[in-house]
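**Student:** Sharing a structure, written as structure tokens. Questions coming.
The values are calculated or read from the model by the stated rules, or taken from the named source; none is laboratory data. The structure displayed is predicted, hence computed values, not measured ones. Please note: Cβ atoms are built from the backbone with ideal geometry, for glycine as well, and neighbour counts cover all protein chains shown. All accessible areas refer to the heavy atoms of the entire protein, side chains included, with ligands and DNA or RNA removed. Shrake-Rupley method; radii C 1.70, N 1.55, O 1.52, S 1.80 Å.
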Amino acid sequence: HGPVSYKLDYVPFKNEFAGCENLRYRTEQIKPILHCCGHIHEGYGIEGNGDTTYINAALCRVGYGYEIVNKPWNISINEYKEIKIEDT
């Protein structure tokens, strides 16, 4: 549910990164193809580091009355472990 630290976890009104350090260390060890979260609403987006694609798929934003303001994505991974991300 939550992001790793320093990957799509910045909360501007608190001026802090709110992700989990332990989760970051673990994902750096395991190197999953994809890590998807959504808890930090302000962090919506996609980032990668060569090993892992990080997606914050939060559709709502704080301060907008939790209205849906972001588009969802279709995400697929083929047999070659290639990720395809499409807007819906």
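**Student:** With the requirement that a residue be open to solvent by less than 60 Å² (accessible area, probe 1.4 Å) and modelled with pLDDT of 90 or more, what does the stretch 43-69 give you?
**Tutor:** Of everything in the stretch 43-69, those that are open to solvent by less than 60 Å² (accessible area, probe 1.4 Å) and modelled with pLDDT of 90 or more turn out to be GLY43, TYR44, GLY45, GLY48, THR52, THR53, TYR54, ILE55, ASN56, ALA57, ALA58, LEU59.
**Student:** Is there a residue being under 20 Å from ASP87 (Cβ atoms), open to solvent by less than 50 Å² (accessible area, probe 1.4 Å) and in a helix (DSSP H, G or I) anywhere in the stretch 19-41?
**Tutor:** Within the stretch 19-41, one or more residues are under 20 Å from ASP87 (Cβ atoms), open to solvent by less than 50 Å² (accessible area, probe 1.4 Å) and in a helix (DSSP H, G or I).
**Student:** Further, regarding this structure: Could you please let me know if TYR54 is in contact with a Phe, Trp or Tyr (Cβ under 7 Å, 6 or more places away or on another chain) and touching a residue at least 24 places away in the same chain (Cβ under 8 Å)?
**Tutor:** No, not satisfied.
**Student:** Contact list please: Cβ distance under 7 Å, first residue in the stretch 8-20 and in contact (Cβ under 8 Å) with a residue 24 or more places away in the chain, second residue open to solvent by 60 Å² or more (accessible area, probe 1.4 Å) and part of a strand (DSSP E or B), pairs at least six apart or on different chains.
**Tutor:** Here the result reads LEU8/GLU47; ASP9/PHE17; TYR10/PHE17, each pair linking the stretch 8-20 to a residue that is open to solvent by 60 Å² or more (accessible area, probe 1.4 Å) and part of a strand (DSSP E or B).
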